[in-house]
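Trainee: Okay, handing you the structure first.
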Amino acid sequence: MGSGECRSNDYGAAAYWDARYSSGSPASGGGGGKFFDWYQTYAALRPLLRARIPAASRVLMLGCGNSLLSEDMAKDGYKDIVNIDISSVVIEQMREKHKEIPQLTYMQMDVRDMTFFADESFDCVLDKGTLDAMMCADDAPDGASKMLAEVARLLRPHGIYLLITYGAPKERVPILCQAGCSWSITLYIMPTPRYHLKMSKGAPQPTMEEVALTEDGQLPPDYVLKDPESHFIYICHKLAVKEANCRATEPEETTNAN
């Protein structure tokens, strides 16, 4: 999941993830009592999350895995985070680990069918690599489209779907803007921790850069990625029905994770 390539595994299957979380391979998101964060840590993402997501928000964490992101958010003042994952193995592991943290709830659930939750029940849906996994599932891209339709259904008007992905706009904006999903999209680009370590010269965290999308939702033609493996962070505000189907927003002040 650290690159744009899909391997032969079915990343949409519970059996695959149950086996992985039982395997004791923490460096690849496995079990064994260890914990693993895909892509970026809370420390790196904190400035953006705190700026965009109020601590009182009801947050849904898609494909939570054994990431410490929710725990770190709760420690930083977030009040209500519902964590779901298709793997019953990892849900039991995380439920046990966080049984003393009432702000965190854990449920086994398939992101393609979240009908357990009522319409417009969340202020924010957080996705750190789950759409990427669904784009590598056997039922892709249909399963990913079902997930995004559910995300749109669950968000309150003007709620936020915050997507952290390796997918560039040419790969992600078309599926984000599928029928039934109406977003105002802001894009940030963030180098990988590995690249940052190599280039930082002592800076504590990677720097996020806000990049203005073109009218058709793509990167500017002259834009060059500093890190070819950068992560793309899409802030997708759910639009009211009467508003435009999908649009890019003008860039705001650049957010630095320093």
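The values are calculated or read from the model by the stated rules, or taken from the named source; none is laboratory data. In this text, all values refer to a predicted model and were calculated from it rather than measured experimentally. Quick reminder, even Gly has a Cβ in these numbers, built from the backbone with ideal geometry, and neighbours come from all protein chains shown. Side chains are part of the model used for accessible areas, which takes the heavy atoms of the whole protein and leaves out ligands, DNA and RNA. Shrake-Rupley method; radii C 1.70, N 1.55, O 1.52, S 1.80 Å.
Trainee: Please state which of the following conditions Ala118 fails to meet, knowing it meets all the rest: (1) crowded, with 19+ Cβ neighbours inside 10 Å; (2) of a type in the set (A, V, I, L, M); (3) over 17 Å from the mean Cα position of the chain (by Cα).
Mentor: (1)
Trainee: Testing Ser184 on (1) over 11 Å from Lys238 (Cα atoms); (2) polar (S, T, N, Q); (3) modelled with pLDDT of 95 or more, one condition comes back false. Which one is that?
Mentor: (1)
Trainee: Right, here's the next one. Scan the helices (runs of 4 or more DSSP H) fully inside the stretch 117-206 and keep the ones with 3 or more residues being over 23 Å from Asn66 (Cα atoms).
Mentor: Output list reads 142-154, 169-176, 193-199.
Trainee: Evaluate the following for Ala179: is it loosely packed, with under 15 Cβ neighbours inside 10 Å and of a type in the set (A, V, I, L, M)? Outline the logic, then answer.
Mentor: Working: loosely packed, with under 15 Cβ neighbours inside 10 Å: yes; of a type in the set (A, V, I, L, M): yes.
So Ala179 passes the test.
Trainee: So, one more: Please count how many residues of the stretch 127-144 are more than 20 Å from Ile235 (Cα to Cα) and in contact (Cβ under 8 Å) with a residue 24 or more places away in the chain.
Mentor: Of the residues in the stretch 127-144, 7 are more than 20 Å from Ile235 (Cα to Cα) and in contact (Cβ under 8 Å) with a residue 24 or more places away in the chain.
Trainee: I'd like the full set of residues that are open to solvent by less than 10 Å² (accessible area, probe 1.4 Å) and acidic (Asp, Glu), limited to the stretch 128-167.
Mentor: Of everything in the stretch 128-167, just one residue is open to solvent by less than 10 Å² (accessible area, probe 1.4 Å) and acidic (Asp, Glu), namely Asp132.
Trainee: Which pairs have Cβ atoms under 6 Å, sit 6 or more apart or on different chains, and link a residue in the stretch 104-126 that is on the phi > 0 side of the Ramachandran plot to one that is open to solvent by 50 Å² or more (accessible area, probe 1.4 Å) and modelled with pLDDT of 95 or more?
Mentor: Listed pairs, sorted by first residue: Glu120/Arg156.
Trainee: Something else: Being in contact with a Gly (Cβ under 8 Å, 6 or more places away or on another chain) and open to solvent by 10 Å² or more (accessible area, probe 1.4 Å) is the filter; apply it to the stretch 86-99 and report the residue that is nearest to Cys124 (Cα to Cα).
Mentor: Checking each candidate, the answer is Ile86.
Trainee: Out of Val125, Val211, report the one residue that is modelled with pLDDT of 95 or more, surrounded by fewer than 21 Cβ atoms within 10 Å (Cβ to Cβ) and in contact with a strand residue (DSSP E or B) (Cβ under 8 Å, 6 or more places away or on another chain).
Mentor: Among Val125, Val211, only Val211 is modelled with pLDDT of 95 or more, surrounded by fewer than 21 Cβ atoms within 10 Å (Cβ to Cβ) and in contact with a strand residue (DSSP E or B) (Cβ under 8 Å, 6 or more places away or on another chain).
Trainee: Test Val224 against the stated conditions and say whether it is open to solvent by less than 30 Å² (accessible area, probe 1.4 Å) and either in a strand (DSSP E or B) or at pLDDT 90 or above (or both).
Mentor: Spelling it out, it is not the case that Val224 is open to solvent by less than 30 Å² (accessible area, probe 1.4 Å) and either in a strand (DSSP E or B) or at pLDDT 90 or above (or both).
Trainee: If you don't mind, there's one more thing I want to ask. Pick out the one residue from Ala51, Ala14, Ala74 that is modelled with pLDDT of 95 or more, among the small types (Gly, Ala, Ser) and open to solvent by 30 Å² or more (accessible area, probe 1.4 Å).
Mentor: Answer to the selection: Ala51.
Trainee: Mind listing whichever residues of the stretch 58-76 are small (Gly, Ala, Ser) and over 16 Å from the mean Cα position of the chain (by Cα)? Lay out the reasoning, then the answer.
Mentor: Kept after step one, since they are small (Gly, Ala, Ser), are these residues of the stretch 58-76: 63, 65, 67, 70, 74.
Result: Ala74, single match.
Trainee: Check off (1) open to solvent by less than 10 Å² (accessible area, probe 1.4 Å); (2) without any contact (Cβ under 8 Å) to a residue 40 or more places away in the chain for Asn66 and give me the number that stays unchecked.
Mentor: Unmet for Asn66, out of (1) open to solvent by less than 10 Å² (accessible area, probe 1.4 Å); (2) without any contact (Cβ under 8 Å) to a residue 40 or more places away in the chain: (2).
Trainee: OK, next. Can you find a residue in the stretch 104-115 that is aromatic (Phe, Trp, Tyr) and surrounded by fewer than 21 Cβ atoms within 10 Å (Cβ to Cβ)?
Mentor: Within the stretch 104-115, none of the residues are aromatic (Phe, Trp, Tyr) and surrounded by fewer than 21 Cβ atoms within 10 Å (Cβ to Cβ).
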